[in-house]
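Have a look at the structure below before the remarks.
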Amino acid sequence: MLRYVLRRLTLLIGIVWVISVGSFYLIHLLPGDPATVILGTGASPANRAILYRQLGLNKPIIEQYFVWMGNILHGNLGTSFISETSVASTIRTALPIDVELIVLSQILAFAAAIPLAMRSARKPNGVLDRILSAGSFTLLSIPSFIIIVLLVLVVSIKLGIANTGPSSYVSLGSDWVVNLESLALPAFTLAVGSFVIYFRVLRSDLIATLQEEFITMARSKGLRQRRIMWRHAFRPSSVALLGAAGVNIGGLLAGGFVVEYLLGIPGLGYTLITGIASSDYLLVQGIVLVVSVGVVLINFVFDFIISVVDPRITRE
Amino acid sequence: MSTQLLVVDDLHTTFRTAAGLVAAVGGVSFDLATNETVGIVGESGSGKTVLARTIMGLQPRSNVEVRGSVLLDGHQVVGASEREMRERWATDVSMVFQDPMTSLNPVMRIGRQIDETLRVRLGMDKRAARARAIELLAMVGMPSAEHRYRAYPTQLSGGMRQRVVIATALACSPKLLIADEPTTGLDVTIQAQILNLLDDLKEQLHMSVILITHDLGVVATRTSRIIVMYAGRIVEMGATRDVFFRHRMPYTRALLESSPKVSNPSHTRLRVIPGRPPNLSTLTSGCAFAPRCSSASERCHQERPSLEPAEEPGHVFACWHPLAATELHEAPR
């Protein structure tokens, strides 16, 4: 077990290093000269040289990388030329919003997917299973920007429920009730996509598990169906579910931008879009770095959970 | 009879499949006394496992039709709901499954797999169940049982896993233990250990045992009676001695001849039964063994023989052309 975790950890550090090199290099691939962006097109060569020295751009690229890396390790992602605020502080305000949104959506998705998958798997191709499978497939084919628009149309506009429409976001700290109300529709929208994935993955694994001999043996021990489902079938069926959840949640970290942008929720996705639109390269670089590391970390955590849930994985 | 723990009467189990009806068990009747061990033998596909699961009421409910009667300790199993059977499994009847590689939950510690039945069925508290589970593990010969209590199935060998399966089956002291080919997946040396263990436990716990196998060697010394099944029916049944030495049904002889014997000279070719077991969805009105039987006549193909008594008490066989009883004082080569 310990060896498994150490091996994964080494891999993790390697991946993060590759990401850091990638995002450092990203800024050098961009067209245009930072001096032109900052000083404008009419800047004199002397001023440009001073700026280059200030920014450290006159040093060799390897040295630039280490300076940059050192800053990042100290939590300094640079200062945006556009907004003239620290990139790290911008991310620090945006990231918790995504975390909250993801937590809410995942609670909804799992709370719906697990019991429904169990019901479905009990009688495969039964009435309920057919309805749920067809329904989830339909949901899968509706993109999130359609779902959120429909939800806003019905819930905020037709039903007139306050604080659910666009631009109603307030932070968790200032008013948590309004905050939850404003995140309800986006969380639900993100939950729909997650639910469909989790439901389908878990359902098919449960159906396979329930045909295993150890389930018959559990029945022959006189256990109730509920206990068999939760204690015997769920755990061995949840490996693919957890793997899917890791990938999916990582994707939501930046992938929630559509609903964030449509509802004006200032999360990472929203900030990324505005950063790209205003050519705020340092901000984009910072977000890309944070999101990439976040995705890797989330998957690392889920790999670890999987190895606890299914002890066969660390052994084989 | 009140001494009979199990009375099976004209039991049919029919599966509704896409290919039509499959009569896996077609009219089986036998009984089993308290503290008796009976062996059920037959080739793969002869309906042994389905019979065992039907007796236990463990057959899935959908697409299966069960007719006839199974009286277990005076209570009817056929038609009983899962809820009713749940009250009887583990305490009245339990099963040792065939393959210990697949019958234990791979992601659950073995101790918990044993003590959950104690807690659910006998209402033991956590501590008592744990103590009893370790006791059971020790009883089935698990070395350092206390330590192994926390092991996962994948950390144990096949033989050790089968001991866990047996310990689980015995946890609630069942009156009837059905062992469905309990040694098929194991090494030969382990097979004998497991069978001896079952034998000892049966004496110790005063259980009745149904021992299902395709290997006559397994049942020879461990059963009082043997039931020979073919294509879902009993074709011969009698005291173990009589079935071995005075069998009348050609299929029984074929089964006996197909198992190797120490007394054979080296490099003796094993006799095999020609052909293969019949497709249970296309059974004819005749004797199911007729297509593979050397002494089959026209009548065998047309008309199914019913079980007729032989000379010895309790010995019955179903054959139009039985082997002569007098020739068979010795086991065939």
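Each listed q (0.20, 0.22 Å⁻¹) maps to a log10 I(q)/I(0) for the range A:119-188 from the Debye sum over equal C-alpha point scatterers, namely -0.81, -0.87. Projected onto its three principal axes, the C-alpha set of the range A:212-251 covers 43, 17, 8 Å, listed from the longest axis down. Calculate log10 I(q)/I(0) of the range B:254-307 for q = 0.15, 0.22, 0.28 Å⁻¹, where I(q) comes from the Debye formula with a single equal point scatterer on each Cα and nothing for solvent. Those come out to -0.55, -0.86, -1.13, one per q. Per residue, the convex hull spanned by the alpha carbons of chain B comes to 148 Å³. Taking label points 7 Å from Cα along the Cα-to-Cβ direction, residue A:1 and residue A:36 give a separation of 5.9 nm. Label point 7 Å out from residue B:301 along Cα-to-Cβ: which residues of the range B:273-287 have amide N under 20 Å? Zone members listed by number: B:274-287. Residues of the range A:222-236 falling in the label zone of residue B:205, defined by backbone nitrogen less than 15 Å from a point 7 Å along Cα to beta-carbon, are A:222. Between B:29, B:173, B:295, the residue with the greatest mean-square fluctuation in the GNM of chain B (Cα pairs under 10 Å linked by springs) is B:295. Principal-axis analysis of the Cα atoms of chain B puts helix B:188-205 at an angle of about 70° to the longest axis. Over the range A:2-73, the pair-distance histogram of Cα-Cα distances with 10 Å bins from zero comes to 16, 37, 25, 12, 7, 2 percent, rounded to whole numbers. Against the main long axis of the alpha-carbon atoms of chain A, helix A:2-29 sits at an angle near 40°. Modelled this way, with points 7 Å down the Cα-to-C-beta line, the labels at residue A:93 and residue B:131 are 6.4 nm from one another. Footprinting exposure proxy ranking of A:154, B:25, B:64, fewest other C-beta atoms within 10 angstrom first, gives A:154, B:64, B:25. Hydrodynamic radius of the protein assembly as shown by the Kirkwood approach over all distinct alpha-carbon pairs: 30.2 Å. Each label was represented as a point 7 Å from its Cα along the Cα-to-Cβ direction; for residue A:65 and residue A:227 these points are 5.9 nm apart.
I need the calculated FRET efficiency for the pair residue B:279 and residue A:146, taking r as the beta carbon distance and R₀ as 41 Å, to the nearest 0.05. Each step should come with its number before you reach the end.
Numbers: r = 54 Å, r/R0 = 1.31.
Computed FRET efficiency for residue B:279 and residue A:146 comes out at 0.15.
The value obtained for chain A, namely the Cα convex hull volume divided by the number of residues, is 175 Å³ per residue. Compared with the dominant principal axis of the Cα atoms in chain A, helix A:45-55 is inclined by about 40°.
Estimate the FRET efficiency between residue B:29 and residue B:147 by the formula 1/(1 + (r/R0)^6), using the beta-carbon distance for r and 45 Å for R0, to the nearest 0.05. It would help to have the intermediate numbers written out before the result.
Working: r = 47 Å, r/R0 = 1.05.
Between residue B:29 and residue B:147 the formula returns 0.45.
Where a number appears in this text, it was derived from the coordinates with a stated rule and is not lab data. As the structure is a computational prediction, the values presented were derived from the model and not from experiment. Counting neighbours? That spans all protein chains shown, and the Cβs are built from the backbone with ideal geometry, glycine included.
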